[in-house]
Amino acid sequence: MSAAIRVTEPTAASAAPPAGAPVAGGFAPLGRPGPALTPSAAQLAASLTCTSDVGTSARRTILLVPGTTLTPSVNFSWNYERAFSANGMPWCAVTLPNNAMGDIATAGEYVVNAIRVAAKRSGRSIDILGYSQGGMVPRWALRFWPDTREHVDSFVALDPSNHGTADAYPICAVGCAPALWQQESGSNFLAALNSGAETFAGISYTVVYSDTDEVVVPNLPIASSSSLSTGTGSIANISVQSICPADLSEHLAMGSYDPVGYALAIDAFSRGAVAKPSDVPLSVCLSLLQPGVDPTAFAGNYATYVAYIAGVLGSTPHVSAEPALPPYVYAKP
């Protein structure tokens, strides 16, 4: 098996501590119920949109979670949403506060609500597709609100910042947005997120990343910041270059038009398990754009996507330090 394709089934060595056992670092036990959500009911309701076939389709609903600086519309309306709708795959999308540039712990509460509501509307467990921060923040929900775990089946993350990025150090040297502080490698937020267990039983985690990712750094097979390794969930960490060596997709491409990432996501959702790279036909390597992307509108849509990111980065207020962790993350809140 290629070093860039790692599939992990739970073993005694990778198992999480018992739900009520102390967690290293003084963080909350894995099974302790999460607190009440702090956003208002109106704010939570306004953050979630779903297609009309949620609850009537025979397929699982897919929850889309956007990346840092993005909304679901900017991130997904011209690619994944179009592809899912064309294939009769119901979906919901959650908008994170402040273009996902605020406190990620707060964003996690919106994801908690989205998981609960999407599962209730569909009448069954759901799947998740997240990009960048959106591929990481659902894990905050799963870690600190254990009731959400029974509602999730397959979780596909594209270039997620599971262990942060070294890029944040120079960016935050003179202050940066809260979400950038929290995605800095070694942050207090990431210590809490990854405490106890990175994955949970009953959930299949497919992490898809690019060796040429310039935002989540490092993301090479021998040291992939995106990859997951601990806990009782099923895990597949897959580099797109392990399937298509010539794939040069960088971070923004992975969240918008990379055909290899899309193929792996569809495989995971179709199988109800982690993606299986051998299922992906090598003909995918000849494609420039994933399904759902209109070639005639691609240039304009991609330009809008990039410009939106730049605008948010340039206008979001900076803070001088990482936000304090909420009390519920600790063993003694």
Those helices (runs of 4 or more DSSP H) completely within the stretch 78-134 that have 3 or more residues that are touching a helix residue (DSSP H, G or I) at 6+ places or on another chain (Cβ under 7 Å) and surrounded by fewer than 24 Cβ atoms within 10 Å (Cβ to Cβ) are 104-122
Please determine whether any residue of the stretch 202-219 is in contact with a Pro (Cβ under 8 Å, 6 or more places away or on another chain), buried (at least 20 other Cβ atoms within 10 Å of the Cβ) and either in a loop (DSSP other than H, G, I, E, B) or of a type in the set (S, T, N, Q) (or both).
yes
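Evaluate the following for Pro138: is it part of a helix (DSSP H, G or I), buried (at least 24 other Cβ atoms within 10 Å of the Cβ) and either in contact with a Phe, Trp or Tyr (Cβ under 8 Å, 6 or more places away or on another chain) or of a type outside the set (Gly, Ala, Ser) (or both)? So that I can check it myself, show each step before the final result.
Working: part of a helix (DSSP H, G or I): yes; buried (at least 24 other Cβ atoms within 10 Å of the Cβ): yes; either in contact with a Phe, Trp or Tyr (Cβ under 8 Å, 6 or more places away or on another chain) or of a type outside the set (Gly, Ala, Ser) (or both): yes.
Taking the combined requirement at face value, the residue satisfies it.
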Scan the stretch 39-56 residue by residue and report those that are among the β-branched types (Val, Ile, Thr) and either part of a loop (DSSP other than H, G, I, E, B) or touching an Asp or Glu at 6+ places or on another chain (Cβ under 8 Å) (or both).
Thr51, Val54, Thr56
Please work out if Ala268 is assigned to a helix (DSSP H, G or I), within 25 Å of Asp213 (Cβ to Cβ), under 21 Å from the mean Cα position of the chain (by Cα) and modelled with pLDDT of 95 or more.
yes
For Arg59, state whether it is in a loop (DSSP other than H, G, I, E, B) and of a type in the set (D, E, K, R).
yes
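Closer than 23 Å to Ala107 by Cα, within 23 Å of the chain's Cα centre (by Cα) and either in a loop (DSSP other than H, G, I, E, B) or of a type outside the set (Phe, Trp, Tyr) (or both), is that true of Ala36? Give the steps one after another, and end with the answer.
Working: closer than 23 Å to Ala107 by Cα: yes; within 23 Å of the chain's Cα centre (by Cα): yes; either in a loop (DSSP other than H, G, I, E, B) or of a type outside the set (Phe, Trp, Tyr) (or both): yes.
So Ala36 fits the description; yes.
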Scan the stretch 229-244 and give yes if some residue there is in a loop (DSSP other than H, G, I, E, B), surrounded by fewer than 24 Cβ atoms within 10 Å (Cβ to Cβ) and on the phi > 0 side of the Ramachandran plot, otherwise no.
no
Suppose the filter is surrounded by fewer than 19 Cβ atoms within 10 Å (Cβ to Cβ) and at pLDDT below 95; does Pro333 pass it?
yes
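For (1) touching a strand residue (DSSP E or B) at 6+ places or on another chain (Cβ under 7 Å); (2) farther than 23 Å from Met89 by Cβ, each residue gets a yes or a no:
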| residue | (1), (2) |
| --- | --- |
| Asn237 | yes, yes |
| His251 | no, yes |
| Met254 | yes, no |
| Asp258 | no, no |
| Phe269 | yes, no |
| Gly272 | yes, no |
| Leu282 | no, yes |
| Tyr305 | no, no |
| Tyr308 | no, yes |
Based on this model, can you work out whether Thr206 counts as in contact with a helix residue (DSSP H, G or I) (Cβ under 6 Å, 6 or more places away or on another chain) and of a type in the set (Ser, Thr, Tyr)?
yes
Any residue that is within 16 Å of the chain's Cα centre (by Cα) and touching a residue at least 40 places away in the same chain (Cβ under 8 Å) - is there at least one of those in the stretch 239-248?
yes
Conditions (1) assigned to a loop (DSSP other than H, G, I, E, B); (2) of a type outside the set (Lys, Arg); (3) touching a Pro at 6+ places or on another chain (Cβ under 7 Å); number of the one not met by Phe155:
(1)
Return the residues of the stretch 262-305 that are in contact (Cβ under 8 Å) with a residue 40 or more places away in the chain, surrounded by fewer than 13 Cβ atoms within 10 Å (Cβ to Cβ) and among the aliphatic types (A, V, I, L, M); say none if nothing qualifies.
Ala297
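Search the stretch 245-261 for residues being closer than 20 Å to Ser154 by Cβ and not charged (D, E, K, R), and hand back the single one that is surrounded by the fewest Cβ atoms within 10 Å (Cβ to Cβ).
So in the stretch 245-261, the residues closer than 20 Å to Ser154 by Cβ come out as 254-255, 258-261.
Applying the additional criterion that residues be not charged (D, E, K, R) yields 254-255, 259-261.
Working: Met254: 29, Gly255: 25, Pro259: 23, Val260: 25, Gly261: 31.
Among them, the one singled out is Pro259.
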Looking at the stretch 161-182, is at least one residue assigned to a strand (DSSP E or B) and more than 22 Å from Gly311 (Cα to Cα)?
no
Residue count, the stretch 63-77 (criterion: surrounded by fewer than 23 Cβ atoms within 10 Å (Cβ to Cβ) and assigned to a loop (DSSP other than H, G, I, E, B))
2
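The values are calculated or read from the model by the stated rules, or taken from the named source; none is laboratory data. Since we're looking at a predicted model, the values are computed, not measured. A quick note on method: Cβ atoms are made from the backbone with ideal geometry, for glycine too, and the neighbour counts reach across all protein chains shown.
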